[in-house]
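The values are calculated or read from the model by the stated rules, or taken from the named source; none is laboratory data. Quick caveat, the model's predicted, so the values are computed rather than measured. Counting neighbours? That spans all protein chains shown, and the Cβs are built from the backbone with ideal geometry, glycine included. Each accessible area value is taken on the protein alone, full model and side chains, heavy atoms only, with ligands, DNA and RNA left out. Shrake-Rupley method; radii C 1.70, N 1.55, O 1.52, S 1.80 Å.
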Amino acid sequence: MSSPKIIPRRDATLALVCIVVLCACGSIRAPQTPSTLLAPSLIQVAPSPEAVADIPTPAAKLVDKLEAALRTDPTQVGTYAALGEAFLQRARETVDPTYYTKAQQVIAEALKRDPNNVEALIGRGTLLLAQHRFRDALAVGQRARGLNATIPRILGIIADAQVELGMYPDSIETIQTMVDLRPDLSSYSRVSYARELHGDLAGAIEAMQAAIEGGSPAAENTEYLRVQLGTLYFSEGDLPDAEASYDDALVNLPGYAYALAGMARVHAARGETDAAVELYDRAIATVPLPEFIIGLGELQQASGHMSDAKKQFDLVRAIEQLFRANGVKVDLELAVFEADHGGDPAAAVATARLGYDDRPGIKGDDALAWALYRNGQLSEAAGFADRAVRLQTKDPTILFHAGMIAKANGQTSLARDRLVAALDLNPAFSPLYAPEAENALEGLRAP
């Protein structure tokens, strides 16, 4: 598939879309006239105006305030809906999935009292996205849009679900409407992800910078995006700019776990293992996100510390069980993890197939392809690997997976192209798998 034409940029005024479930922190003027949608994957965005933003109340304090309000008057539907949103923010801040259950309870109460309450439906859609229940989220988002088509957050729910379901042209059309309504942190971050998916890392970086400018300094959501900016830099091997982005986030939010983990990846890429382990430990002590724990475990495995790595991998499995118990579907993530670190590749394939049913986008393609490859089902793996790279996404891990699968299928030229592309982006994309990619490439170069 040829790379989709990306709209030209004029001083950061034009962009594509993204998938980050965030509440907008700033208030930004909407464009006076709607932009023109350019099919199938092009989005035009109005010039970014100045943001007028208020620093939000910390979610923990907001939860206390709303719970107190409900004790005083338990009849207010809006308060139940707001409490659900606050619980969702706490879940994101703490990675404690029990907050999802709490959010579900109060949002259900709001919808019981008023089935057409739009804020409660937005909360319900956001919860379903967090639980990786994307088809249900899409249905709820469309229902909310039928009640009120002027709220950009509703469009964000719809677009995020469409992306995960592989409905890329539909998602772009949805986000074009969202951007026209309100060009801000939330819409520009979606611009960034769509550009990233379509292989335009420079455009993704530009849009993410616009999203950060539209937020509040030191607000958690803004700093989360600053970390995502660092990750974009990391993906293309720009370690200095990645480090600077993570450092900025840590200046604004000292001890911010996502930024600490980003810094750990930078140090690991530079071969500074001790510093990377220390940073991962600090991040995990604050927010035990499986992604952080896997990063630490793979670094330890690459360093030959297998017993330490095994402890991390066992912890990942325990946390995944906790997520499942609170309604979060983790099949895709678990499938890739078990394909790499489990002892039952057939079970990893079964798990990947379950996840693929829920998320048939390029993430699902990549996860199922890799699980099939690990289980020796090479021909079927090749088909899904081809689908995983169909948008020409510049993701070193996806390209590594696709390259190894092509090599196993005897597609030497294709394997070489994909592995070279992965290592050209970032020759240290993984302490465990970048060396494997290099070794595989050397074998392909051998006479």
Legend entry - Pairs with Cβ under 6 Å, 6+ apart, first in the range 104-121 and within 15 Å of Ala137 (Cα to Cα) and in contact (Cβ under 8 Å) with a residue 24 or more places away in the chain, second of a type in the set (A, V, I, L, M, F, W, C) and assigned to a loop (DSSP other than H, G, I, E, B): none
Inset, instruction - Could you list all residues from the range 250-261 that are touching a residue at least 24 places away in the same chain (Cβ under 8 Å) and in contact with a Leu (Cβ under 9 Å, 6 or more places away or on another chain)? - result: Tyr256, Ala257, Tyr258, Ala259, Leu260, Ala261
Inset, instruction - Determine, yes or no, whether Gly78 is surrounded by fewer than 18 Cβ atoms within 10 Å (Cβ to Cβ) and either under 25 Å from Leu225 (Cα atoms) or free of Cβ contacts under 8 Å to residues at least 60 places away in the same chain (or both). - result: yes
Inset, instruction - Output the qualifying pairs, or none if there are none: Cβ atoms under 9 angstrom, residues six or more apart or on different chains, first residue in the range 271-292 and free of Cβ contacts under 8 Å to residues at least 40 places away in the same chain and closer than 21 Å to Val330 by Cα, second residue charged (D, E, K, R) and open to solvent by 30 Å² or more (accessible area, probe 1.4 Å). - result: Glu291/Glu333
Inset, instruction - Considering every residue within the range 296-305, establish whether at least one is among the acidic types (Asp, Glu), touching a Ser or Thr at 6+ places or on another chain (Cβ under 8 Å) and under 16 Å from Ala428 (Cβ atoms). - result: yes
Legend entry - Residue within the range 309-317 that is more than 18 Å from Gly343 (Cβ to Cβ), surrounded by fewer than 16 Cβ atoms within 10 Å (Cβ to Cβ), out of contact with any Phe, Trp or Tyr (no Cβ under 7 Å at 6 or more places or on another chain) and not hydrophobic (A, V, I, L, M, F, W, C) present: no
Inset, instruction - Check Gly304, Gly297 and return the single one that is under 30 Å from Glu272 (Cβ atoms) and open to solvent by 50 Å² or more (accessible area, probe 1.4 Å). - result: Gly304
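Residue under question is Ala261, and the condition is that it be within 26 Å of Arg195 (Cβ to Cβ) and either of a type in the set (Val, Ile, Thr) or open to solvent by less than 30 Å² (accessible area, probe 1.4 Å) (or both); does it hold?
Criteria met by Ala261.
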Legend entry - For Gly255: the one exception among (1) under 21 Å from Ala285 (Cα atoms); (2) open to solvent by 30 Å² or more (accessible area, probe 1.4 Å); (3) not in a loop (DSSP other than H, G, I, E, B): (3)
